[in-house]
Structures are given as C-alpha cells and as structure tokens.
1. May I ask you to give the percent of accessible area on the stretch 93-168 that is carbon plus sulfur, with a probe radius of 1.4 Å?
2. Counting Lys and Arg as +1 and Asp and Glu as -1, what is the net charge of the other residues whose Cβ lies under 11 Å from the Cβ of Y50?
3. Report the label-to-label distance for K385 and T348 in nanometres (one decimal), using points 7 Å from each Cα along the Cα→Cβ vector.
4. Using alpha-carbon pairs under 8 Å, 6+ residues apart, how would you state the relative contact order of the stretch 292-421 in percent?
5. Can you work out the FRET efficiency for the pair K184 and T128, with r the C-beta to C-beta distance and R0 = 30 Å, to the nearest 0.05?
6. If each residue of separation counts as 0.36 nm, what is the full-extension length gain between F275 and E371 once their alpha-carbon separation is subtracted?
7. Between K110 and E393, what FRET efficiency follows from the Cβ-Cβ distance if R0 is 45 Å, with the result rounded to 0.05?
8. Quick one: Debye curve from the C-alpha atoms of the stretch 73-139, no solvent, what's log10 I(q)/I(0) at q = 0.22, 0.27 Å⁻¹?
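The values are calculated or read from the model by the stated rules, or taken from the named source; none is laboratory data. This structure is a prediction, so every number in the text was calculated from the model and none was measured. When we count neighbours, we look across all protein chains shown, and the Cβ atoms used for this are built from the backbone with ideal geometry, even at glycine. Just so you know, the surface numbers come from the protein's heavy atoms only, side chains and all, with ligands and any DNA or RNA stripped out. Shrake-Rupley method; radii C 1.70, N 1.55, O 1.52, S 1.80 Å.
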Amino acid sequence: MIIKGDICYSKTQKELKTVKGGYLVCEDAIIQGVFTKIPEKYRSFPLKDYSGKLIIPGLIDLHTHAPQYAFRGLGMDMQLLDWLDTYTFPEESKYLHIDYADKAYALFVKALKSGATTRALIFATLHTPATLLLMEKLEQTGLITMVGKVAMDRNCPDILRQESAEAAYISTKAWIESSLKRFKSTKPIITPRFIPTCSDELMQKLKHLQERYSLAVQSHLSESQSEIEWVKKLSPSTKTYAHAYEQFGLLGGGKVKTVMAHCVWSEGEEEQLIFDNNVYIAHCPASNTHLSSGIAPIRRFLEKGIKVGLGSDIAGGPHLSIFRAISSAVEASKMYWRLIDRDSPPLTLNEAFYLATACGGSFFSKVGKFERGYELDALIIDDSKIPTTNPLEIEERLARIIYYSDDNHILQKYVNGKEVFSSE
Ligand code: GUN
Ligand code: FE
C-alpha cells in the first residue's frame, strides 16, 4: 500500500520531518520509507490518495484507566488520595456488575477507537469477567493494547479488596491464561495499582506471574506528596518509593518492561533507579494539574536519558485525547521553567509530539515513526475545517491540530497496516 499526503513525523526528539505530497510506502504492514516520487519497484502497490490531508503517526497513550471514563470531567476538586476514596473507588466497584461494565466499557472503547490513539496501556479493575469483556471489546477495534486486571489487597474498600494475596494470585493467573488464549492484539500486563494497595505477599505473587508469563508491568509512582509520605510509613526500610517496587523485581531491569505513571516527585536515587532499570515514565500532565499533584521534571528526565511517553490518565485527566496531552505537556513544562527551574527549558511542541509518538511507541515495538522497518500506525487528518486566512506549512498545521485537540478531524486511522477507523 502507498499513502499519499502531507507527511509529518518526528525523526528525533528535536527534529520534525515533513514531506508535502509525499508517498508513504508500506509492505505487509512494515514501512519501506517516505518518498517524493514512487520508486519503480513499488509502482504496482495500490495507492490511497489523501492529497492535501495531514498524515502523522498514531498517538500512544501510555497510561489510562478504562473504568474511570464514565466519570471523566467530574470530581476534579480534590487531591489524589481523597479523589480515589470519594470518586474512583465507588465508580470502580460498579464493575462487579457485568451489565454496568458492558455499557461503560462500550463508551470507552468507542471513544478510543475513533480518537487519535492507536496503542494504549490500560488499567481495568480487579474484576475478571469485566476485564475480559473490556479486552474482548478492544480486540474487536484493531487497536493494540495492554490491559491490566488491577491488583489490590489492602487500603481500599472491602468491595474492591481481594480477600487474600493467594486469592488475587489464583484469579490473576486464570485471567492471564484466559486472555493469552483468546486475544492477539490485547495483551495482559501485570498491574499492581500502587504500593499503598498492595501487600508484600501480593507483590511477590505478581512477580511470580510476571516471570512465568514474561509480561510487562505498569503502576503508579511518586505522584503526590501525601502518597509518598504514606509509602514511607508502609515501607520504612526501602530507600525510595521506586525501591519499594524494585525489591520485588517489579521495576524494570533485565527483561521486565515497565511503565510507571507520573513520577512527579522522582529525583536523586529514585531517578537513577528509573534510568538504570530502563523504566518508561508515563507523563500525565493534565492529571497532575487537576489533582494538584505537581509538575513532573520532564526536561531533566529526558536529559538523563529516561524514556518518557504521554498518558491521558482518565479520569485524573479529563480528556482521552493524546493531542490534548501533548499541549498540556508543553504548558506544564513552561510553568516548570518559569516557576521552578530556569535551567529546565520548556518542551518544544516537536519534543512533546515525539514523546506521544516515537518515544511512547518504542514501548510496544518499532512504531511511531515513518521510517523503514517501522510498523505502520497512521492518522489521516483533514484540517481544512479550521479556517484561516494564512497559508500554513505542514509543521504549523500539525501545531493547530495539537492545540485544538479535537479528534473530530481524523478521517482515517491505520494500526499495524490495517484501517481500523474511518469517519466516512
Ligand atoms: N494512584 C493509584 N490509583 C490511581 C488512579 O486510579 N489514578 C491516579 N491518577 N493515580 C492513582
Ligand atoms: Fe493513573
């Protein structure tokens, strides 16, 4: 297949590549390159002509909560721990009921499918039937995701607490086996909610399952100051919050692919451990603002060489759109530079776009760039309905799409070479 249009992607963290009227050539879902003329050997490939439309890589959501979608945009007047008790846990309790899960997950999956996201890491709840139902719905979309049945056995309402670490182990194992058998594009991921809700015994059992099935890991780390104080009390002998995961082998290193959401307050030895263990940080700027958690030092993380992707963190963040996360990441970095550290220049728009595409994408595989050998995830965007009197370069058109953050301009979406959504 060949896709023709105004092509745009991040070559590197700093450099955006644009080709007007370019040809994106793809063979068996793998990109062969971007050309200004179709090379002879590809002449016979079918051409999809999107002349005048923007063609960009699909966006990657490295952290979101499917069962929180139904209350997005509500209850943003509290900080993390009160917000969890007041809004989040009561909502997540409803997923015990499969009829409720069916309705609410249908809304989430529909929005994810028609939006700009092509791959995502998703928290579900601890309920096995509802989590499998979510995975089944996601599998039908053609999106590529990892989904976690959330593990928690302490410090949460009875209705969300597994009665023991052993019970959590048994049900998590059954869920992993069932999902590995049933789904191809929807993979299970080990998901301790965060240290406060997971006993040591539960963490040990999760490690066992992680190793046995070679699964990735996702969790939350150093999001808010009161959470960090709580972790210090719960794990007094560990050097940092990150070490509380690391002691169980659940913080990257070796072959354990790990994403930690937030890391707003990570520094010093914790930051070093994140880097040493090749842990990805899911930066969730909207959530960090709305729950008053703080501003994550993303410039410093990038300079250290830590890999950072973006997350919507629904419903800590009110928007599922990763376009919105890109603009929020830039805004937050400007405030960080202005108010906290004048040696931390703000992220440029290109850099934040790179985090949402190439950097986040690298967690999954070679995805997020239009270069030879990469898997084709692409968005075809019609920006003609944002009128202006000015002629615009491709880079400027991308900026408007990002700052408008309106997924309604998406005409078509391709994931791993297949069209998964069309607005027509
Ligand atoms: N920490 C533990 N659980 C959650 C959650 O659901 N959302 C956010 N933002 N942080 C958390
Ligand atoms: Fe979260």
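1. 56
2. Local charge sum for Y50: 0.
3. For the pair K385/T348, the computed spacing is 3.2 nm.
4. With pairs under 8 Å counted, the relative contact order is 23 percent.
5. 0.95
6. 31.9 nm
7. Using R0 = 45 Å, I get an efficiency of 0.85.
8. Here log10 of I(q) over I(0) equals -1.03, -1.17.
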